[in-house]
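Heads up: the structure comes next, in C-alpha cells.
The values are calculated or read from the model by the stated rules, or taken from the named source; none is laboratory data. For clarity, every value in this text was computed on a predicted model and none was experimentally measured. Cβ placement follows ideal geometry from the backbone for every residue including glycine, while neighbour counts extend to all protein chains displayed.
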Amino acid sequence: MKKYFLMGILALLLFSSFATIGTASPSSNYVPPFANYVTVSAPTYSFVGQNFTVSVDNPLGFTNYTMTAYISGSNLTGISPTSTVHNFQGSNPIFNFNIKSPVTQQTLYITIVTAAQYGNSFVKATQTLQVTVIDPVIFHAIVLNTGITTVKNLTVNFYLDNSPNPVGNVTVKSVAPNQEVSVNFTYPLDPAKYLGTGEHTLKVTTNSPLVSINGNQGSSTTKFYYGTPPNYNWIYYVAAIVVIFMIFLALSAGRKTVPGMRTPKWRKQK
C-alpha cells in the first residue's frame with residue numbers, strides 16, 4: 001500500500017512539472033515587432049491652401065503611443081497648424097491629423113516619428129512622405145436664366161477634350177429669371193500629370209434648356225492652354241540674322257566692277 005502511495009505522489013509531481021512547463025510565460029525580454037508594421041499614408045499632391053489628412057497606423061499590443069510629424073519645404077508660408085505636429089494616445093494606435101498646404105507650389109517633406117511602450121521596453125519607427133503642392137486649374141462659366149421662372153438645382157457639367165463623360169460638375173441651388181451666376185469648378189486631379197501641357201478643349205453644359213452658358217444656348221465650348229507656352233522668339237532672331245546677311249550680300253554686290261566701266265587708275269598702279 002505504501003508502495004502505491006509513493007508512486008502516486010511521484011506521478012503527481014511529474015504531472016505538475018509538465019503543467020508548469022506547458023504554461024510557462026514568455027520571456028520578459030521579448031518585444032513584438034513594431035517598426036516594420038507602421039503604416040503612414042497621405043495624398044501624393046495637394047492644391048495650395050487645401051487641407052489634407054495624414055494617417056498613421058501603428059501595430060496593436062503596445063501602450064503609450066506617441067506621434068510627432070516634422071514638415072519641411074522651400075516656403076511654408078500659410079501652412080497650418082504648424083510645421084511640427086505632436087500627439088499622445090494611451091492605447092489607441094491610430095493617429096489622424098490635418099495639414100493646410102502652404103500658399104506656394106513646392107514639395108513638402110513630412111517625417112513621421114512614432115513610438116510606443118511594451119512593458120519596460122520602448123520602440124520607435126520613422127518614415128518620410130512627400131506631398132506635391134500645386135496650383136489648381138479652375139474653370140469658369142457664366143450661366144444666365146433666360147426663362148421667366150426660377151431654375152432650381154441647376155447642374156453645370158464640365159467636359160475636357162471631347163470626353164463623353166464630365167470631369168465634374170457644380171450644382172447651383174437656384175437661378176432667378178434674368179439672373180447671371182458665375183460658376184467655378186476646380187479640376188480635381190493633378191493637372192501636370194493628367195491634363196498635360198498643351199491646348200485643351202473645355203465644354204460646359206447644363207441640365208436646363210432655359211439657361212445660357214457664356215452667352216450660348218445649350219452649351220459652350222472654348223479652348224485653353226495649360227502649361228508654359230512654347231517660346232518662338234528664336235524665329236525673330238533667325239529672321240534678323242537673315243535680313244542682316246541679305247543686306248551684307250547686297251552691299252558686297254554693289255562694290256563689284258560693272259562690265260564696260262573703266263578701272264580706276266589707282267587700281268592699275270602696282
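With the structure loaded, tell me whether Thr228 is assigned to a loop (DSSP other than H, G, I, E, B), at pLDDT 70 or above and under 43 Å from the mean Cα position of the chain (by Cα) or whether it fails that test. Taking the combined requirement at face value, the residue satisfies it. Scanning the range 148-190 for residues that are in a loop (DSSP other than H, G, I, E, B) and polar (S, T, N, Q) yields a count of 7. Each residue in the range 54-65 was checked for being of a type outside the set (Asp, Glu) and under 27 Å from the mean Cα position of the chain (by Cα), and 4 pass. Determine, yes or no, whether Thr132 is within 30 Å of Val56 (Cα to Cα), of a type in the set (S, T, N, Q) and within 22 Å of the chain's Cα centre (by Cα). So Thr132 fits the description; yes. I'm checking my understanding of the structure. Among residues of the range 79-126 that are part of a loop (DSSP other than H, G, I, E, B) and under 17 Å from the mean Cα position of the chain (by Cα), which one is surrounded by the most Cβ atoms within 10 Å (Cβ to Cβ)? Only one residue tops the list, namely Ser101.
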